[in-house]
Structures are given as structure tokens and as C-alpha cells.
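Okay, structure first, notes after.
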Amino acid sequence: MSAAPRIAPSALFTPQEWAPFQMRSAWAGPLLVAHCWAVIALAVIAGVLIPWLIPLCVMIVGTRQLGLAILMHEAAHGGLSKSNRLNDCLGHWLCAVPIGASLKAYRPYHLTHHRFAQQAEDPDLMLSAPFPISPASLRRKLIRDLTGQTFFKQRVLLPLAQAHARSSSPRGDSTKGMSDSAHDYESIVTGRSVLPFLAFNAVLLAGFIAAGVWWAFFALWLLPMATWFPMVTRLRNIAEHACVEGSSADPFRAARTTKASLWERAFIAPYWVNFHAEHHLFMWVNSYKLPALHEKLREKGVTARMEVAPGYIAVLREASGKPASATRLTEVS
């Protein structure tokens, strides 16, 4: 096994320059979680009071559901609190469980991704390896996301497949029969937390019913999760690692940073998830410090070596640049 190439902070920064990036805040993480849920609540209220805003609210809620996944990711790196117990409590119960994930299952998986980023052992390699693909293939994927097909596969078919594999294996191996590595990935972040996910959503539905707006649970929570959330998750995955030359050999090119405009931060990339190259360089730096880290790297002339895209549209153009005839043998349709 060959681990991903690394670079020490001391190779770029003095101890005084690096010190602010090492500090953990006691309040920033909990405030980010509170902010995410506040935005979701305000969007739901707006959709209930002004129904013609529902399409916009669906996009806002779906993006903040991705925000919960991003904050779960922050918790996987111990970044939500100085207290490990509070970090894991917030990351699991208020971020992971509501979207059908498990912090306990996600953390070792994700840290393996960092250890072997873009190497053969990287469990996330399947998310970037097929790219670039044809525009038609990308369009099919986005349509599946927006029509709920991806949601149905992840939240229904894969948990059922995992349950069947567990029951049919004499040792209770839940991955038996799942030859497709994508199944393993998706069952880790959805299938292992089905019961907590269903319980949370049952309580949430009861709250909507008690408020006299039962329909809002389906229109303003479940619909975003089934449509916009899978799509922006796919865009995130593409932007982070797809089509980055030299990503397996150069620590400065292990991932892509995407410059996100205000509308992209609101509807595609919340909570600084677009600064992914910086995150892979120094994965223990808090997400809210990544913009400042990017500026420090720019001052030192390092960003010229990194993959920095001008926006998500540019990333999609690059990711869908392969002619259709060349993709048939490699793409995951």
C-alpha cells in the first residue's frame, strides 16, 4: 500500500503563521450546526407561509442537508468541538442521523480516504475515476438525482441489499454479495443508520402534524432530500477530485478548490466545502479557517501549483469533456 504524499506545515509556515490554524474553537462548531438548522427552519416556514416559494425553499433545504453532511465531515476530523464527546454527539445526532448517515461508520472510511487519497486503496476513488464522461452521461446522472432515483437506490434498495446480505451470510457479513464498490460506499453512509434515520424522521413528521402542516414534511424536508440533496452531493464529489492531473503524486494537487460565488455557496457549496485542496493539504484545519489558509497559500505562491477552478460550471464542463465513444468502457452510468 502506498500512502498519499504529504507535506508538513513547517515546510510552508513559521510556527507563528501556523499557530492560528491549529487552534480549536469551543463555540464555532455548535454555532455552525445551529446555523444550518436555523436556515432549514426558516426555509420551511417561508415555504409554508408563501407556497409559491416552495421550489426555492426545496433548493435551500437540500443544500443545507448537504451542509449537515459537511458538518458531519467536520466532526469526523474532530472539528466541531474541543470536547470529543460533544463533537461526536453533535456530528452524529444532529448532522449524520437526520440525513441517514452514521458518524461512527463514516469516520474510519473517510480517514482511509485521506490516508490513500487518489491511490488504488482510496475508497473514494470510484467517485472520481470515471471522469471525464460524456455530457449525455452527466445529464443522465443529474436527472436521476433530481427525479429521486438516486435517493430510492441509496435509501431503499441498498439498505435492503445490505439486510439480505447480512441474513444470508453465516458470519453476518453485511457486505457479502455486494461486488460493486459503490454499494459498499453508499451502505456505509446510509444503510447502517436506517433505524435512527427512520426514528428521527418519524419524530420530525409528528412535529409537522402537531403544527397542522403535515404536508410540509414531504414537500419541504423529504422532497429536498430526494432531489436537490443528491444532486449537489454529486456536484461536490465531482468538484473535489475529478479530472485533477497529478493528484496521486503531488500533495498540492490531491484535490480541487473551486471558487464559489455567493449563489453557489447558497445553493451548491455551503460551509467552505469548496476549499478542498486546502483541506487535503492540512486535514485537521477547521473548515471555517480554510479561506484564510487559502489566502496564506496564495501569498506564498503555492496556489499556482494547486488545481483551482473558477466556479462549478467550469468544473462540470471539464468533467463532461470526454466524447461519448470514449466513455463507454470506463464510465459508471
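Values quoted throughout were computed directly from the atomic coordinates according to the rules given, and no laboratory measurement underlies them. Note that this is a predicted model, so its numbers are computed, not measured. Cβ: placed from backbone, ideal geometry, glycine included. Neighbour counts: every protein chain shown.
Only Cα pairs under 8 Å and 6+ residues apart enter the sum, and on that basis the relative contact order of the chain stands at 24 percent. Sorted ascending by nearby beta carbons within 10 Å, beginning with the fewest, 147, 258 become 147, 258. Highest GNM mean-square fluctuation among 98, 135, 51, for the chain modelled with Cα contacts below 10 Å: 51. Below 11 angstrom from the Cβ of residue 17, what's the summed charge of the other residues (Lys, Arg +1; Asp, Glu -1)? Within the 11 Å Cβ shell, the charges total +1. Helix content alone sets the calculated 222 nm mean residue ellipticity of the chain: runs of n ≥ 4 DSSP H residues at -39500 (n - 2.57) each, divided across all residues, give -16000 deg cm²/dmol.
Working from Cα pairs under 8 Å separated by at least six residues, relative contact order for the stretch 11-134 is 19 percent.
Cross-linked pairs 153/289; 82/153; 104/300; 259/300; 104/153: Cα-Cα separations exceed 30 Å for 153/289; 82/153; 104/300. Placing pseudo-labels 7 Å out from each Cα toward the beta carbon at residue 31 and residue 266 gives an inter-label distance of 2.2 nm. Between 22, 154, 65, the Gaussian network model of the chain with springs among Cα atoms under 10 angstrom shows the greatest mean-square fluctuation at 22.
Each of 131, 151 was scored by other Cβ atoms within 10 Å of its Cβ. Listed from fewest to most, they are 151, 131.
Springs between Cα atoms under 10 Å define the GNM used for the chain, and in it the highest mean-square fluctuation of 272, 93, 18 occurs at 18.
Using only Cα coordinates, the Kirkwood hydrodynamic radius of the stretch 1-138 works out to 17.7 Å.
Membrane-span-like helices in the chain (whole DSSP H runs, Cα extent of at least 30 Å along the helix axis, mean Kyte-Doolittle hydropathy of at least 0.5): 28-49, 54-76. In the calculated pair-distance distribution of the chain, the portion above 39 angstrom amounts to 12 percent of the Cα-Cα pairs.
With a Förster radius of 35 Å applied to the C-beta separation of residue 56 and residue 112, the computed FRET efficiency comes to 0.40.
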